[in-house]
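What follows is a single structure, written as structure tokens, with notes after it.
The values are calculated or read from the model by the stated rules, or taken from the named source; none is laboratory data. In this text the structure is predicted, and so the values were computed from the model without any measurement. Cβ coordinates were reconstructed from backbone atoms using ideal geometry, including for glycine residues, and neighbour counts include every protein chain displayed.
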Amino acid sequence: MVQRPGQMSTKETWVELSELDRFNSLPDELLLHIMCFLMARQAVQTCILSKRWKNLWRYLPCLNFDTQEFKYAKSFIRFITSFPNFRSISHIVTFRLDSYQFDGCWGWANMIDDCLEAARSLITRVIESRLRVLSIAYSSCNGIDFHYVYTCAFVEEMNLHCILVPHEKPIALVNLKRLNLSGANLDGKSVKNLISGCPVLEDLVLEKCFFQFPNVTIISHTLKNLSIHGFESRNEVEIHLSVPSLVSLHLTRVRLGCISLKNMSSLVHAHIDFCFEVCANYQNSTNELLKGLSHAAYIELTGSRILKSDLWLIKESPVKDLLVKELPNCPAFANLKSLYLTGLNVCNFISPISHFVHISPNLETLTFGNEEMMISGTDAFTASATGNAVFLVGSMPVTIQFAQADSNANV
């Protein structure tokens, strides 16, 4: 039999069918897991593949909706409204909605209210099931009121972007362990309401949130991991943290003087990155940051770089002000094993660094980041920026390191 150009041979056809059969031989549980990475619309479209796939999407435990899949708002509304009519939502474990296209996009702007109403209707039905993970992202900087999501009885993880946090409306997230809030407007009342409504919360991330009240207090006996990545405020906001159960603390782009730490007896890892702005009243403030880190085993205190005359210049960051003001009154850092410091002119800052090392009897490694200066000719220790050195604290050797300069440092 003559094979025509472009025609597959019998062997090639058999191989292709074999590969297809191999995929179809996978159990439904594995196929459903793979389908969880698809958008909901794509998952529904698999129903045309074969008889086996016709109803498989109806049992997906994970639903992902993205408005960018739809060119027209009417298509999105029709799809999301009719979706519950074709499958049960009682066994949905994960629900995600990215609605960045709601806000001001052509063809959507005049139908935002209808889109939001359709989304609210579906979300309300979903959270009545045994939902475990809920993620909602909205594009407006003003936020949107989805207050009913704060009463999910079974949800354990929640990721919310530009979703308003209620001040007085009840929050009852009794099983929530992980919460990621980004782009949220927060004040003292909303934060207090949030923490009190999450009795088993362990992980909290606040990213690019706007604090509307000058004083925010976070008191929790369950939090283990807390991250605050940059925040904005019209005033010099003060954030007071009292979390005796906290194990890991990560703060980035914060002003020196705006953070106060107390009751951090379980702290192990602490990374605090300062911007160059320092609160005006810091020198006269009674807020304490460094003392709150005294139980930690691993501490990173970093500053930022600034751009001047088209050249990167290393400036003495607020880390220096912190050590000068607070270090003399600090207790011993008995658990400290690793200390990482940046933004210091090490040559002119030997005495405070030496004091820090001496009150850290178990310190093993001291690292200076983005420094190019030499440390030499001192009684305290001798090292160069091209290698490591050993600093004796009593009879305890401490390794001194110089980290490579970070070309991607923040401006």
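Just checking, how many residues over segment 179-191 are crowded, with 17+ Cβ neighbours inside 10 Å and either touching a residue at least 60 places away in the same chain (Cβ under 8 Å) or among the charged types (D, E, K, R) (or both)?
1
When you look at residue 96, is it surrounded by 13 or more Cβ atoms within 10 Å (Cβ to Cβ), at pLDDT 90 or above and in contact with an Asp or Glu (Cβ under 9 Å, 6 or more places away or on another chain), yes or no?
Working: surrounded by 13 or more Cβ atoms within 10 Å (Cβ to Cβ): yes; at pLDDT 90 or above: yes; in contact with an Asp or Glu (Cβ under 9 Å, 6 or more places away or on another chain): yes.
Criteria met by residue 96.
If I filter segment 197-213 for residues that are β-branched (Val, Ile, Thr), on the phi < 0 side of the Ramachandran plot and in a strand (DSSP E or B), do I get at least one hit?
yes
Step by step: first the residues of segment 263-289, then only those that are surrounded by fewer than 20 Cβ atoms within 10 Å (Cβ to Cβ) and of a type in the set (A, V, I, L, M, F, W, C), then the one that is farthest from the chain's Cα centre (by Cα). Which residue is that?
280
For segment 195-214, enumerate the residues that are closer than 22 Å to residue 235 by Cα and crowded, with 21+ Cβ neighbours inside 10 Å.
206, 209, 211
Which condition number in (1) without any contact (Cβ under 8 Å) to a residue 40 or more places away in the chain; (2) under 17 Å from residue 123 (Cβ atoms); (3) not in a loop (DSSP other than H, G, I, E, B) is the one that residue 88 fails?
Of the numbered conditions (1) without any contact (Cβ under 8 Å) to a residue 40 or more places away in the chain; (2) under 17 Å from residue 123 (Cβ atoms); (3) not in a loop (DSSP other than H, G, I, E, B), the odd one out for residue 88 is (3).
Scan segment 159-174 residue by residue and report those that are out of contact with any His (no Cβ under 6 Å at 6 or more places or on another chain) and crowded, with 16+ Cβ neighbours inside 10 Å.
Once the filter is applied, which keeps residues that are out of contact with any His (no Cβ under 6 Å at 6 or more places or on another chain) and crowded, with 16+ Cβ neighbours inside 10 Å, segment 159-174 yields 159, 160, 161, 162, 163, 164, 165, 171, 173.
With (1) at pLDDT 95 or above; (2) under 21 Å from residue 332 (Cα atoms) as the list, and residue 259 as the residue in question, which single condition is left unmet?
All conditions are met except number (1).
Just need a number here: residues in segment 18-45 that are crowded, with 16+ Cβ neighbours inside 10 Å and either farther than 14 Å from residue 87 by Cβ or not hydrophobic (A, V, I, L, M, F, W, C) (or both).
Residues meeting the conditions: 4.
Considering only residues that are touching a Phe, Trp or Tyr at 6+ places or on another chain (Cβ under 9 Å), polar (S, T, N, Q) and more than 20 Å from residue 139 (Cα to Cα), which ones fall in segment 43-92?
Result: 45, 46, 88.
Name the residues in segment 51-69 that are closer than 13 Å to residue 97 by Cα and of a type outside the set (Asp, Glu), would you?
62, 63, 64, 65, 67, 68
For segment 66-93, which positions are buried (at least 18 other Cβ atoms within 10 Å of the Cβ) and within 19 Å of residue 33 (Cβ to Cβ)?
92, the sole residue that qualifies.
Considering only strands (runs of 3 or more DSSP E) fully contained in segment 214-284, which possess at least 1 residues that are in contact with an Asp or Glu (Cβ under 7 Å, 6 or more places away or on another chain)?
Ranges flagged: 215-219, 225-233, 248-256, 259-262, 269-278.
Please pick out the residue among 292, 303, 257 that is at positive phi and small (Gly, Ala, Ser).
The conditions single out 257.
For residue 157, state whether it is farther than 29 Å from residue 287 by Cβ and among the charged types (D, E, K, R).
Numbers: farther than 29 Å from residue 287 by Cβ: yes; among the charged types (D, E, K, R): yes.
In short, yes.
Let's see how each residue does on (1) modelled with pLDDT of 90 or more; (2) of a type outside the set (Gly, Ala, Ser); (3) more than 17 Å from residue 247 (Cα to Cα); (4) in a helix (DSSP H, G or I):
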| residue | (1), (2), (3), (4) |
| --- | --- |
| 286 | no, yes, yes, no |
| 292 | yes, no, no, yes |
| 316 | no, yes, yes, no |
| 319 | no, yes, yes, yes |
| 332 | yes, no, yes, no |
| 335 | yes, yes, no, no |
| 339 | yes, yes, no, no |
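For segment 40-55, check the following and say yes or no: at least one residue is of a type outside the set (S, T, N, Q), touching a residue at least 24 places away in the same chain (Cβ under 8 Å), in a helix (DSSP H, G or I) and farther than 20 Å from residue 125 by Cα.
Checking segment 40-55: not a single residue is of a type outside the set (S, T, N, Q), touching a residue at least 24 places away in the same chain (Cβ under 8 Å), in a helix (DSSP H, G or I) and farther than 20 Å from residue 125 by Cα.
Can you tell me how many residues within segment 46-60 are exposed (fewer than 14 other Cβ atoms within 10 Å of the Cβ) and not charged (D, E, K, R)?
Summing the residues that are exposed (fewer than 14 other Cβ atoms within 10 Å of the Cβ) and not charged (D, E, K, R) in segment 46-60 gives 4.
Of all the residues that make up segment 9-39, how many are part of a helix (DSSP H, G or I) and either of a type outside the set (A, V, I, L, M, F, W, C) or at pLDDT 85 or above (or both)?
Count: 18.
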